[in-house]
1. Just one of the numbered conditions (1) crowded, with 20+ Cβ neighbours inside 10 Å; (2) of a type in the set (A, V, I, L, M, F, W, C); (3) over 24 Å from Ala24 (Cβ atoms) is not true of Ala128; which one?
2. Can you tell me which residue within the stretch 2-36, out of those that are touching a residue at least 60 places away in the same chain (Cβ under 8 Å) and crowded, with 17+ Cβ neighbours inside 10 Å, is farthest from Ala98 (Cα to Cα)?
3. From the list Ala20, Ala68, exactly one residue is closer than 25 Å to Asn131 by Cβ and touching a Ser or Thr at 6+ places or on another chain (Cβ under 8 Å). Which is it?
4. Would it be correct to say that Ala132 is part of a helix (DSSP H, G or I) and out of contact with any Pro (no Cβ under 7 Å at 6 or more places or on another chain)?
5. With respect to the numbered conditions (1) in contact (Cβ under 8 Å) with a residue 24 or more places away in the chain; (2) surrounded by fewer than 12 Cβ atoms within 10 Å (Cβ to Cβ); (3) aromatic (Phe, Trp, Tyr), which one is the sole condition not fulfilled by Trp83?
6. Inspect the stretch 65-72 for any residue being touching a residue at least 12 places away in the same chain (Cβ under 8 Å) and within 18 Å of His40 (Cβ to Cβ) and give the result as yes or no.
7. From the list Leu16, Leu44, exactly one residue is over 16 Å from Gln124 (Cα atoms) and at pLDDT below 95. Which is it?
Amino acid sequence: MDTVFETLSTGLPVLLLQFAVTLALLGLGVALYMAVTPFHELQLVRQGNVAAGIALAGSLVAIAIPLAATLASSLVTLDILLWGLVALLLQLLAFLLAARLIPGLRGMIEADNPAAACVLVGVQLAVALLNAGAMAG
């Protein structure tokens, strides 16, 4: 039983640090995402815009997926930080690509078009899964 407590006392601080770093990256990623999008997600969500809610929730999950893979496959906190930043960059690029592939995306989200939001989320999740696979090695 002592071995269990020793392992826990050694591993728990590392786990908490790595989890906190990953949560901070998630927050940074969502903030950056909201900064680069041409629409104001939170304001639209407060107004009851379902499409904006779908887009924001999908982006949150799409950012979290490769971060989770990085967290699961990294032993060192610096790896999580560095690869997490790479993951964020790739996810932001996925949004920019999707915005180019979906002409009029801003207007469709602002007009509460859930179909457009679903396509956006689909692109983001597809890239997130590939990103996570690459991160996990």
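1. That leaves (3) as the condition not met.
2. Here the answer is Gln18.
3. Details: Ala20 fails: touching a Ser or Thr at 6+ places or on another chain (Cβ under 8 Å).
The conditions single out Ala68.
4. Details: part of a helix (DSSP H, G or I): yes; out of contact with any Pro (no Cβ under 7 Å at 6 or more places or on another chain): no.
So Ala132 fails the test.
5. (2)
6. Our first condition is that a residue be touching a residue at least 12 places away in the same chain (Cβ under 8 Å); within the stretch 65-72, this holds for 65-72.
Filter once more, so that each one left must be within 18 Å of His40 (Cβ to Cβ): none.
No: zero hits.
7. On the way: Leu44 fails: at pLDDT below 95.
Criteria check complete, one pass: Leu16.
Results for (1) exposed (fewer than 13 other Cβ atoms within 10 Å of the Cβ); (2) at pLDDT below 95, shown as yes or no for each residue.
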position: Gly58; (1), (2): no, no
position: Ile63; (1), (2): no, no
position: Leu92; (1), (2): no, yes
position: Pro103; (1), (2): yes, yes
position: Ala111; (1), (2): yes, no
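The values are calculated or read from the model by the stated rules, or taken from the named source; none is laboratory data. As the structure is a prediction and not an experimental result, all values here were calculated from the model. All Cβ positions, glycine included, derive from the backbone under ideal geometry; neighbour counts span all protein chains shown.
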